[in-house]
Each structure stands twice: as structure tokens, then as C-alpha cells.
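Note sheet for the following structure.
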Number of protein chains: 4
Amino acid sequence: MELEGPRLRAGMVGGGQGADIGKTHRFGLRLDDRYSLEAGVFGRDAGQSARIAGSLGIAPGRSYAGYEEMAEAEAERPDGIDVVVVATPNDSHFPIAKAFLEKGIAVVCEKPLTGDSASAAELVRIAAENNTILAVPHCYSAYPMVREAARMIRDGALGRITFVDVEHASGWAATPLELTGHKQASWRTNPDIAGFPSVVADLGTHAYHLARYITGLEAEELAGQLHTFVPGRQVFDNATISLRFDGGVPGRIWASMAATGHNHGLRIRIFGDAGSLEWQHEDPHHLSVQDLDGSTTILTHGLSTLSDDAARLTRVGLGHPEGFLEAFANFYLDLADELAARRDGRESTVRELSFPTGIDGLLGVQFVEAVAASHANNGAWTVPSGAISQEV
Amino acid sequence: MELEGPRLRAGMVGGGQGADIGKTHRFGLRLDDRYSLEAGVFGRDAGQSARIAGSLGIAPGRSYAGYEEMAEAEAERPDGIDVVVVATPNDSHFPIAKAFLEKGIAVVCEKPLTGDSASAAELVRIAAENNTILAVPHCYSAYPMVREAARMIRDGALGRITFVDVEHASGWAATPLELTGHKQASWRTNPDIAGFPSVVADLGTHAYHLARYITGLEAEELAGQLHTFVPGRQVFDNATISLRFDGGVPGRIWASMAATGHNHGLRIRIFGDAGSLEWQHEDPHHLSVQDLDGSTTILTHGLSTLSDDAARLTRVGLGHPEGFLEAFANFYLDLADELAARRDGRESTVRELSFPTGIDGLLGVQFVEAVAASHANNGAWTVPSGAISQEV
Amino acid sequence: MELEGPRLRAGMVGGGQGADIGKTHRFGLRLDDRYSLEAGVFGRDAGQSARIAGSLGIAPGRSYAGYEEMAEAEAERPDGIDVVVVATPNDSHFPIAKAFLEKGIAVVCEKPLTGDSASAAELVRIAAENNTILAVPHCYSAYPMVREAARMIRDGALGRITFVDVEHASGWAATPLELTGHKQASWRTNPDIAGFPSVVADLGTHAYHLARYITGLEAEELAGQLHTFVPGRQVFDNATISLRFDGGVPGRIWASMAATGHNHGLRIRIFGDAGSLEWQHEDPHHLSVQDLDGSTTILTHGLSTLSDDAARLTRVGLGHPEGFLEAFANFYLDLADELAARRDGRESTVRELSFPTGIDGLLGVQFVEAVAASHANNGAWTVPSGAISQEV
Amino acid sequence: MELEGPRLRAGMVGGGQGADIGKTHRFGLRLDDRYSLEAGVFGRDAGQSARIAGSLGIAPGRSYAGYEEMAEAEAERPDGIDVVVVATPNDSHFPIAKAFLEKGIAVVCEKPLTGDSASAAELVRIAAENNTILAVPHCYSAYPMVREAARMIRDGALGRITFVDVEHASGWAATPLELTGHKQASWRTNPDIAGFPSVVADLGTHAYHLARYITGLEAEELAGQLHTFVPGRQVFDNATISLRFDGGVPGRIWASMAATGHNHGLRIRIFGDAGSLEWQHEDPHHLSVQDLDGSTTILTHGLSTLSDDAARLTRVGLGHPEGFLEAFANFYLDLADELAARRDGRESTVRELSFPTGIDGLLGVQFVEAVAASHANNGAWTVPSGAISQEV
């Protein structure tokens, strides 16, 4: 996969100290080595921003003090960035995205795009006028099994769609976290920043996009109720919404940040007159499909029978969950700590539960030999060369 | 996470065209930006190796024709590599690892380390003599919830361990794949390359390491049976093994490459006199714990109650599965294709099921507005500004 | 359990040939031996009704031609029935229930009690006036784990209730079954018999009762939408309902007979400010409880830690699913067929897959002996007296 | 189902006060109304036995002081029992079963049939000589989905069987229960009563029978290890067994009474060269089937596509779990308590969480009406006749 594609130059605005979403974008940019991060503004404190830029390998001349300056300068460089990631709080999305789009630089902007639909439409218009791309990372639609679900429906596997049920019901703010100084809780419960229907903007829009993406249907009409489960909270933290999709297909969305005990809670079920399917984000590599008889079939990414839409986004072998690459990264992370400690003459970082070493490799080989020896002896009990393993 | 650690220089031997494991290592090296890949030999065909090196961003002078030359040259450079990844077929592990270790360069070598325990012990000895690191990527031990399991047992949460049950039973070679020209099946069923107890070396060693890692126990004795499920196959494709761990704790390992229908099949259960736990690779972000009464509690990575061993390896928020970062990467992959196409004047790559754009962002904002309007009107049916969305 | 309680005399109206619900009631009456079925009217065809009564062991004099006659006669007998089960189609519930209640005989009447709330209220009034019992078999509330859920909420384990979500979404009529002559589909899609909101009466009322039962909350207000998924169907086969329970607690009910692929589909989730719980009818002996941290604990009937409300309704040991008694009954059913065949001189009914016999018992004992012998011989391979097993 | 079969006369030896297994047999005998319990000996205390017989509806003349007398007398009666259930401790199985078999009375005897294979073979011989039936309630083989599994394998759906894996690993005796006076624990850990390999006799034989039943294969050879997990326990409480079934098919059995945290723990997986399947007792109405590609299909009892072997043993509709009948029985149990209390002039038994009444039925009808009214008003909020419901 990584051998084929040309590389792009990326920049970032926001995503500085403590900004999880900025990190997540960088993980995503990095994995396939299709982007190099070459410019950025990482916060309002110029010194700290420069320090972060440096730690990310960005050349000093491309660590900017502000986004206007960055848009200007990058647009003029022959090797300027192809795309900028906007990972700032919601209320600054509009001017930043606008500045880059007007220079013809593609923009990846977190949702909600802006605080009102007039300004959002304006951004869409600017992107079109400047013939560039404005993208929004509703990343749930990028899972292989979500693509498979969408493909199945496009191909008629479920027949005529009859019902759509989505929920993005998390329990992350089921307590008054905002009173404890929790950063994300504070701004997400501040109506001036997040808006009164905060949970709809934050989670409901994901559920809504996922429903549209998988079914290919648009909403004609909706009816919604908003609730505040945590007393004293200044925004709505729960919403239940009825929808009528194209042609009157009924649907429901439940969005919550106060569904006590739920970890993530994004789940979608689609019903048609020939079958139904279900996908849950907490088990992203599986897709359940039910037929008219009532049998359930569980598909998983990597199956040879899946569509190209799913297959092209699968980096690991059948049965390896998404996440396997992170386990590899974890191995290399532990190793990096130790290698760097040795290189720099610091104390070893190897703790009780660390990365496997050659001893583990040796014990593995002894294990194989002992099994073979036992088998050759009709399953007799055999000692796996314990003596050697103690010496080394 | 990525802001803190110093960066290392990495090299690779093997992992060229069509080598999945090489790609997996590069994904792992890349994710946290703690390594830069700066040197390598990517196969025996010098031209192709050089081409791959180039596509990976390696400078021409550090794309080598052979591993001896590479070890020699990198050891002499002031900016030589800190670590080399050996991702070649099993039978070449020994000389390659040896060459780098003797130069004091750390080695990450795939399992099985070597074909026999004498040579494996030799590598361990060489690493120690040269005061460098030999690491083996049994990466299953790097999952947060595996670390949590190991921590729980170290902390006595299960009491005295009474039984250990592990299986790594895959169905990937339940048919005579080797007769179809399948590359991996061909060498894994060739006794000259993979050894007769092929499945034990390939999968059994992972199960064995996981049992040792989680329990902290070593095997004193074992008794094994080997089977060939696929008629005509020249290696054993299934193994059942009884073990006696330290102090006589009984255990079982089942390793299979012919467990029909299984996708991956790595699963471990540990029993103690105060509780038990279970972890499965196909659901890696959960850990089941059972108490003496018989209640089951399901823990997930990201919970605030987990140990530091688990927490430090978790990159995403509670409820986001490992794999979420790959969904982000998929988004950026689709986007990269399109950005590159536009930059290079090629036809658009946007297909039916592609990345979300500003239109999706706009529809999301309209959705939020419509929900708020409906709510303000006691849940009345409301049209989400359909007209605007059609225009843009 | 069965040793303690006094026995009651029961009668039945309806539940004749082909009436599944009548059978289900008889299974329920029979299991604990607390009732004897002593009188009945099993359909409008007097001959057939009498034949069924006979096969159920009812004395000829208590097999009646009509329900009025039965109510009259049983009320006058000193050994008359204590309770009557009304298992007729919905539209006859009212007069039948009325006839028995007015004689002071307790009535078990299937839901919906009647076709309109005025007549339902009338029945409630008559029962009260005659100081007798009118019961409705919303049997889902009788599962041990549902009782446990209700008890937990009464005891405050979930704190203040914030949200209630129930669905009874089955796929049994996802196709136009009524066109195929399917009996139940025919009357349930006939608006004259089942009413237009058929699915609400049939399944929605179960969901509604379960929500009320578990939470102890009553609905103050609701808003509903009805849909017809199967074209041409004359009743609504899907309903989505928003509710406001006592004090404004929001809730949702989804009832469907056309949720393609679903088998049964009754599921409830309750959220409070201190935790949440989930119960599904397709896995009735488990209850999931989630805490504020996000851990999930799975409880099962038979656990020593459960409340008395749950414990008193559990007939089997920990880990034995509800249904274990049916497996026992299946064993005895196969055996009855064979015993009767032998007694009556008919051909053996023993088929390939039938009940275990003494041979199986013998093989079991040989198995135990062989395991003990192998163990005594350090796990050596041992033949389990194969010769003997062949002889017998 | 219950209308078709002739009725049999049954007797019981054992199953008196506190004997759970006797109760379980009576539940099984009773469910389909194919048996009437007409004679018995319910313990060694004659008075108590008579009292139990009375409470079970047995005529005084057929409550016996001993099994010899019972066998004698019943054999001579023209209306004597057709079958006797032996539910006594293991060490008395042989003489009791023998006494009835010699009179030509069929015997249902709990496993292990006897304490050694010679006496077990003797019972088999006696049954054959007397042309009667000796049956052993390995009831797990009577579940519809187990029958389906066996049928699938007979019909070749899995191809050639390659591997059999069974476990019956319970945690019920993971602590030294026998020291607390726990009755079952006391005798099951007494080597004089239960034998040293107690867990093999108790649970291993179920696993062994299930493997034989589903696959149709017999064991040629086995190798076993026995362990004692609970210190000081006088019998083995854990066993791991390797098997070679017909033609060398490998298999494993794990039996445990000390698998901490497990509730029941019976689970079987069968692999063939064309597919595999899995069944677990804790989810008895489902069967998982995996194909060569790696897709998993979940079947459930009641599906129209199942074999007759499964269908004939299913009493409830699709999606209703086994256990639904017990929920019905629970409803009737609560009701019986209240009816009897009223009849006998005792205080009402209705507690907080009891059976649904006419009020619940009325509220259900009001619910249906309110939904219909709301729908007719485009989903407007509607009060479900609260006033009426408060009055009644």
C-alpha cells in the first residue's frame, strides 16, 4: 500500500499541547506515509507553538505565528502545503478554513464545520470557487466494514430500505465533569462555545452522517427532543430524534453524552425488505447481516468475499483486528524508550512488563523443539531445555 | 505522546515487494514518529530493492546490496542506524541478526528467532556480549488489555494461579492452499523452510509467549501431539500441548493453522483461586474478569480505573477501539489520492463511497439547527433546510 | 419448590387445536404442579372441544359447550375451578372474562385485555367488585433477571432514572405472510380483529409493561408514529414512540413485526445517574449492569448475590440456563414415545439421534476408568475398554 | 404436542427433601403431560417419604418403604409403573436399577451409571435380557440446537471431522465448599462416594457423551491428567484429557469443578474440512457455524430452515428462548400463591414485584389508543388517559 502513492505536504492549525484531536490527525496522516507534516501553528503562544513544531520535525521557517501568515506564506512557496488540518476549537473554524481555501489550499476541518449553516454554506461555496477540497473527518465512514455495509445497500442486498436506527450514546459526561475542571467537558457544556444542542453537534452529526453514508438516503424531515440529564448543566446532553428519510423511510437517532456506563456507543442498524445489518463502533471489524429467515451472518474485514470498497482499506490479515498495527507500534514504543536511554547513557527503561527479547525468542525455539520431541515419543512429558534458558 | 520521546534511526532487511510483515513493521515504526527509516536492503534483486528504498524515502547511499555491507557501513557512520528490523524468511534470521548485533546495532527479529535453540542461544549471547538489544515482536503482549491482565496477576488479583489455557487456532490454511501457489502457504508447509512442527513455530510460540507474559510463569515440562489435518501436507498443521508450569500449574496450548472457519483464533484464559480472566485477540480492547461468585466484569482500554501499564499504551479515548486511528488513516488515504490527482492533473479519484466533504459538514450543521428548531416547537416535524443543501 | 404450595383448580376457554398460546399456558400451569386443569371449552366445535378435553385428562362432565355454561356450572360446584385462562382471539376477551369474574372466578386474560380502554376499565371494575383477580400474562416480567433489574432500581442501584429505551422489534411478519394463508399473520393484519395499530397492541404493550415494571415509572405523555413496511398490508406493522415518564423522564419504544431478520427482539435499557442496565429476551438469564466508570458486569440467575425476588423464581443451578428443564423434558419426550411404542406393541421409535441409553452410561464409566488409569501412568495413552463396549 | 402422545406411568426412587436432581426430573416429566407420577420411595425416612409422596399426589398405597418392595409390587399391579427414575446417590444406582430392570420396568438412571464398568455392563446386559430400557439423562443431547449440530454432521455439512474440543469447566467448587457443610460438595469430594476422579465422573462424562453424540465418533484411545486445585481436597477437581477418536481424529476434553468464575461451562467445538460449529450450554438456543471462508452464521431454534430433529423439540416460537415456558410458569406460580391465600383466607401474597393484573392490561389498552391518537395528529404529544388509569 505505501509503495504506490505519491506523497503530499500537510500543515496543521491547532493541535498543540494537550489537544487529543490534533494527535489523532497526526497518527492518521502518518500511518501510510503519504503525507509529510511541513508547516503549522500549534497554539496561540508563539514560543510553545515553535517548540511543538520543532518536536514534530517542522523546519523553523515554517512554524508560523498565525494562520493568516501561514496561509499567505505557504501559498507562495513552490513547495507549499497541499492541505491544512484545522484542529482548533469550533468557533475559529470559519476564518481559518476560509483563509486557506481562498488560497486554493485544501482544508480538513473538524465538525461541526461552523456554528451556523449560513457560514458552513459559505465555506462550501468558497472551496468550490477556488477549485479546492474541503473535507470533514467523519471517520467512522472510513472503516472497511462500514464501506462494506454501504456497498451492500448500494448493491441491493437489503432490498428496499424500511427503517434506519442509529445511536451515538456515550456516557463520558454522565456526571458534572465540567465542575471538576475537565477541559473538554468545560467547553462542550459552555453554550457560547458548543451551542445549546451541544450533544447534537458533537455526536449527533456523526450518527447522522453515518446513516446518510451507509444508506445513501437524505433526511426530508425530522422531529427532535433535547434533554439535560445532569442537573445544572447549561447545554442539552441528550437528544432523541425521529426522521423521515427520502420517500418517507422512518428513522431514529439517539445522541447522548450522559448515557451512564456507555463507553462510546456508536451503533447503526438498517432494515430492508430483504435483510438487515448492524455495525457497532466498539467492534468495528465485524458486520452482522440478518436474512429474511432470521439467520445472522457475521462478516469480518479481510474475508476474501468482501467488496473492493472494504478490501482496499484493510492493512492486516484476516482475523487481525484493526488495532494490530497499534500493538506493533506499542512494541516499537517500548523499544524506542530503551534504545534512546542506552544511546543517551540514561538508566534502562525496561520495566517488569516490557517488550519481548531474544530470551523470549530462544524460549520459543526450545518450546518448538520440546513439542517435536514429545510428539516423536508418543506424547511423553518432556523438559524444554530449561537449563539453557537459565544460563542465557 | 509523540511530543516527548527522542527519535531513533531504523533500518530494515527484508520486507520488500509483497512482504506483508515488512509493511506491518513499518506501520508500527511510523505511528508514533519515534523512528525514521534511513537504511535498508529490501530483497535480493538490487534494482527492485533500490526502487523500494527510494519510495520509502531512503537516501540512495543507504540502500544497500546486502546485509553485510549494510551492517558494516551503518556501524561506521556517525549517523548510523540504532536498530535494524529483520523481516526475512526464517532460515536467514541467524546470519543477518548476528551481523548487526556484532556491530552493536540493536536487532528486532521475527520469530522463530532461528531454526534451533543452539543458534538462538548463540544470538542471545552475542547480543549480551555486544551490550545491545535483541527484541522479538511477540506483539500481542503489547496490547493495553494484555498488559492489564499481566498487571492484575502480578498484583495478585487472581490469587494463586491454578490453570492456564491458550489457543492460537487459525483456519487460514484449512484447505491445501499450498497447491494454489499461495506464497505464505507454500513456505509454511515446506518442512525445509518452516520445519516439521511449522504450526508450533508460527503460532504456538505466540501462544506460549502470551501465557508466559501474562502469568509470569515458565514451563517446566510439556507433552505434545502433532497432527496433519490437510491430507498430503508435508508439515504438521495442528498441535495440542499439555504443560506443567512453575510449581506444577497445569496448562494447555492448542495451535492450529487448519481450524476451519476460525479467523485468527488467539485466546487466553487464566484461572486462579480468587478469580479468572479471558482475553481474545479478535476483541483486543476488552478483558473479561470473573470473580469467585461467578459475576463477569468486562473492562475496556481507556477506563480510568486501569493500571499505568495499560494506560500508557492507549492513544484514543474511552470506547474508541484500537483501530480508530486506522479509520483516520483511511480518511487521509482517500484524501491523499484525490489531492495527488488534482495536483498532478489526473482524473478525480472520488468514487461513490469516498471521504466526507464540506457538503457533509454543512448538512451536519443544518441537522443541528433543525433539531434545535423542532425542540423549541415541542418536537414538531421540521425540514432541515433542504433547499440550501440542494443548492450548494 | 413444588413441595410447598397448595394446588389450585384451573379451567381454560380457548386454546384448542393449533392454538400455540393455549399450549404455552398449559406448559406454564403444569411445570410446578400447582394447578390441575379440570374444566374447559376448547373451541366452538363441541366434538373437537370434547376430544381435546379428554386428551388433557378433563372429566367428561367438565368439558363444556360454551363459556357461559362453564362459568355457571363451575361457580356452583363445591370443587369448581379457582381460575380460568382466557386464550381466545382478542375480540371475545371481554364477554368471557366478564362471565367468570362476575361469578367470582379469577381470570387470566391475554393482552390486549379488550379492544378499547372503556371495556378494559369495565373488566377491572368488575374484578374489584367481585373481589377476585384479573391477571394479564405479560410474562417477561416474570424472568428472574427482570425481577433483579426491577429490584435494583427500587433499591436505588441506578440512582435517579434519566432515560428508558425499549424495543420489541420482531421480524416475524417482514414479508406479506398474510397472503400465504398463515393463520396468525391473517388475523394480526386484519384491522377488524387486531385493530389498525396491531403491532402496538401485540408487541408495544409488552414493551410498555416491561418499562413500567422495571422502572416503576408511569407514562405521562407520549408521541407516536405508525408505519406500514409491507406494501398493501392493512394494519400498521411498525411504531416508534417517544414518551415522558413521571417527572419528565424521557423514553422511547420501538415496536415492529417487520424488523427483517430479527428473531424476537425484546430488549430494554435503563439509564440512571449512577449506572445503567440492559436485558434482552433472547438471552434471558443474563443482566448487564454498567457503572459510572464504564465497566460492564454481567449477572446471571442463580448467583448467590442476587435478590430474593430473583432467587425464588430460579429452578436450576447456577449456570444452567432457563431451558435446561426443557432439555430434560425433551429427554422424557423421546423416552415416552419409545416406552409407549413398546407397551402398545408398535415399532420402535428410536431413531438415529435419540435418547442416551445404558450403553452411553457404560461408555461413560469406562471413560472415567481410562482417565484414571492414564493419569496413574503419567498421562500415557490408554484404551477405554473398547472391547467391552462393543460386546454389549 | 401434548395432544398427541399416550401417557405413561412413572415412579421415582430418591429425589426427596433437598434433592435438586429429583425436582429437575419431575419438572421434565411434567412439562408435556406425557407421564403421571404414581409411585415412589423418596428417602430412607419412611414418614418423610410418605409425606413427600402425598404432596406429589401419589396414592398412599403406592408410597413404598423401600425400592425392592416397590419393584415387586409395581410389577404385579396391572396399572404398575412403566418406568422408574433412579435419583439416589451414585453408590446405590446398581442394586436399585437392577431390581426394576429384572422386573421388566424401564429405568432412567443418573450418571455415572455405576462406580465401575463391570457393574455398568451388567446393568446393560440385564436390561437387554429383560427386553426393557435403561436410559441415562445426558440431557444436553436433547437440546434442539445440539440435535441440529448432530444432524448437520451426519449430513456431511462439516465434511470430514478433523478435531473435537469439549469442555465442561464449572467454577462451582473453586473454593473448599466441602468445609462449609455444603451437601453436594461434601459427597462429590468424598472419594468413597464420588471416586477419586470425581470431576470426570460428574462433568467429564457429560462432555464425553456430547462429543460422541454430536460427532457420531467413538474414542479409540485417551491420555489424561488429573489435578487438585483446591488444597486439601481429597478428590481430583480438574482433568485435561487428550483423545483419539475413530480413525485417529484428535480431540480434547477439559472437565473442572474448580474453574474459578465459570458458571456452567459446557461448550463444544467441532471442526471438519468443510466447516466448523460451536455450541455452548449457557446460550443453548443458538448454534454457530463457520465456513471455509471464515464467515460465521448463527442459527437459532425455531428457524424454518432447521432439520426435523431440531424442530420437533421446539415448543416456542422463533426467537423465544428456551426458558420462556419457565417465565410463564413463574407467572402462574406468583398467581397460585395469591389465589391460594385468598381461597384459604390468608393474607395477600402480592408483593411489590408481582404478577401483572388487569390494571396493567388496561394501561396497555390506553397506551395503544394514545399511540393511535398521536399518530393521527402527526405525532403530537398525547396523554394516555391518565385520569382513567388513576381511578381504577
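The values are calculated or read from the model by the stated rules, or taken from the named source; none is laboratory data. Remember, it's a predicted structure, so these values are computed and weren't measured experimentally. Backbone-built Cβ (ideal geometry, glycine too); neighbour counts: all protein chains shown. Please note that ligands, DNA and RNA were not included when accessible areas were found on the heavy atoms of the full protein model with its side chains. Shrake-Rupley method; radii C 1.70, N 1.55, O 1.52, S 1.80 Å.
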* Structure fact -> Among A:Ala329, A:Ala258, the single one that is touching a helix residue (DSSP H, G or I) at 6+ places or on another chain (Cβ under 9 Å), of a type outside the set (S, T, N, Q) and modelled with pLDDT under 90 is A:Ala329
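Residues checked against (1) free of Cβ contacts under 8 Å to residues at least 40 places away in the same chain; (2) under 19 Å from D:Ala157 (Cβ atoms):
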{"position": "D:Leu222", "(1), (2)": "yes, no"}
{"position": "D:Arg233", "(1), (2)": "no, no"}
{"position": "D:Thr240", "(1), (2)": "yes, no"}
{"position": "D:Ala255", "(1), (2)": "no, no"}
{"position": "D:Ala274", "(1), (2)": "no, yes"}
{"position": "D:Ser288", "(1), (2)": "yes, yes"}
{"position": "D:Leu292", "(1), (2)": "yes, yes"}
* When only residues in segment C:196-205 that are at the interface with chain D (Cβ under 9 Å from one of its Cβ atoms) and crowded, with 23+ Cβ neighbours inside 10 Å count, which is farthest from C:Arg160 (Cα to Cα)? -> C:Pro197
* Asked: When segment A:236-278 is examined, which residues are found to be aliphatic (A, V, I, L, M) and buried (at least 24 other Cβ atoms within 10 Å of the Cβ)?
  -> A:Ala239, A:Ile241, A:Leu243, A:Ile253, A:Ala255, A:Met257, A:Ala258, A:Ala259, A:Ile268, A:Ile270, A:Leu277
* When only residues in segment A:279-293 that are touching a strand residue (DSSP E or B) at 6+ places or on another chain (Cβ under 7 Å) and buried (at least 20 other Cβ atoms within 10 Å of the Cβ) count, which is farthest from the other protein chains (Cβ to nearest Cβ)? -> A:Trp279
* Asked: Is it true that A:Asp165 is in contact with a strand residue (DSSP E or B) (Cβ under 9 Å, 6 or more places away or on another chain), at pLDDT below 95 and more than 7 Å from chain B (Cβ to nearest Cβ)?
  -> no
* Structure fact -> Quick count over segment C:298-333, residues being among the acidic types (Asp, Glu) and more than 7 Å from chain D (Cβ to nearest Cβ), is 1
* Asked: Can D:Gly16 be described as in contact with a Lys or Arg (Cβ under 6 Å, 6 or more places away or on another chain), modelled with pLDDT under 95 and either among the acidic types (Asp, Glu) or in a loop (DSSP other than H, G, I, E, B) (or both)?
  -> no
* Any idea which of (1) within 26 Å of A:Trp187 (Cβ to Cβ); (2) without any contact (Cβ under 8 Å) to a residue 12 or more places away in the chain is the one A:Phe229 doesn't satisfy? -> (2)
* Number of the condition not met by D:Ala370 [criteria: (1) in contact with a helix residue (DSSP H, G or I) (Cβ under 7 Å, 6 or more places away or on another chain); (2) at the interface with chain C (Cβ under 7 Å from one of its Cβ atoms)] -> (1)
* Asked: Which one of these is closer than 21 Å to A:Leu325 by Cβ and surrounded by 23 or more Cβ atoms within 10 Å (Cβ to Cβ): B:Ala19, B:Ala10, B:Ala39, B:Ala71?
  -> B:Ala10
* Asked: Condition test on A:Ile298, is it of a type in the set (A, V, I, L, M, F, W, C), surrounded by fewer than 23 Cβ atoms within 10 Å (Cβ to Cβ), part of a strand (DSSP E or B) and modelled with pLDDT of 85 or more?
  -> yes
* Looking at segment B:207-235, which of the residues that are out of contact with any helix residue (DSSP H, G or I) (no Cβ under 6 Å at 6 or more places or on another chain) and part of a loop (DSSP other than H, G, I, E, B) is surrounded by the most Cβ atoms within 10 Å (Cβ to Cβ)? -> B:Phe229
* Structure fact -> Checked B:Leu318, B:Leu306, B:Leu313 against criteria (in a loop (DSSP other than H, G, I, E, B) and free of Cβ contacts under 8 Å to residues at least 24 places away in the same chain); the one match is B:Leu318
* Structure fact -> For segment B:173-193, the count of residues that are within 12 Å of another protein chain (Cβ to nearest Cβ) and surrounded by 24 or more Cβ atoms within 10 Å (Cβ to Cβ) equals 2
* Considering only residues that are within 7 Å of another protein chain (Cβ to nearest Cβ) and part of a loop (DSSP other than H, G, I, E, B), look in segment D:353-367 and name the one that is most open to solvent (accessible area, probe 1.4 Å). => D:Phe355
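Residues checked against (1) among the aliphatic types (A, V, I, L, M); (2) under 30 Å from A:Asn263 (Cα atoms):
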residue	(1), (2)
A:Ala73	yes, no
A:Pro78	no, no
A:Asn90	no, yes
A:Leu113	yes, yes
A:Val124	yes, no
A:Ala149	yes, yes
A:Gly159	no, no
A:Ala169	yes, yes
* To do: Under 8 Å between Cβ atoms, at least 6 apart or on separate chains: pull out the pairs that start in segment C:1-26 with a residue that is charged (D, E, K, R) and end on any residue that is at pLDDT below 80.
  => C:Lys23/D:Met1; C:Lys23/D:Glu2; C:Arg26/D:Glu2
* Residue count, segment C:301-324 (criterion: surrounded by 22 or more Cβ atoms within 10 Å (Cβ to Cβ) and acidic (Asp, Glu)) -> 1
* To do: Among the residues of segment C:100-118, write down those that are part of a helix (DSSP H, G or I) and either open to solvent by less than 20 Å² (accessible area, probe 1.4 Å) or touching a residue at least 40 places away in the same chain (Cβ under 8 Å) (or both).
  => C:Phe100, C:Leu101, C:Ser117
* Asked: (1) farther than 21 Å from D:Gly317 by Cβ; (2) of a type in the set (A, V, I, L, M, F, W, C); (3) in a helix (DSSP H, G or I): which one isn't true of C:Ala201, the others all being true?
  -> (1)
* Can you find a residue in segment C:334-351 that is more than 29 Å from D:Pro78 (Cβ to Cβ), over 21 Å from the mean Cα position of the chain (by Cα) and either more than 7 Å from chain D (Cβ to nearest Cβ) or of a type in the set (Val, Ile, Thr) (or both)? -> yes
* Mind checking which pairs have a first residue in segment C:72-90 that is in the same structural domain as C:Asp192 (by TED's automatic domain parsing) and a second that is of a type in the set (A, V, I, L, M, F, W, C), Cβ under 7 Å, 6 or more apart or different chains? -> none
* **Selection status of D:Ala53, outside the structural domain of D:Asp192 (by TED's automatic domain parsing) and part of a strand (DSSP E or B)** => no
* Subset of segment B:56-68 [open to solvent by less than 30 Å² (accessible area, probe 1.4 Å) and either aliphatic (A, V, I, L, M) or not assigned by TED's automatic domain parsing to the domain that holds B:Thr24 (or both)] -> B:Leu56, B:Ile58
* For the subset of segment B:130-158 comprising residues that are over 20 Å from B:Gly302 (Cα atoms) and not in a loop (DSSP other than H, G, I, E, B), which member is most open to solvent (accessible area, probe 1.4 Å)? -> B:Arg154
* Tally, over segment B:209-256, of residues that are basic (Lys, Arg) and more than 8 Å from chain A (Cβ to nearest Cβ) -> 2
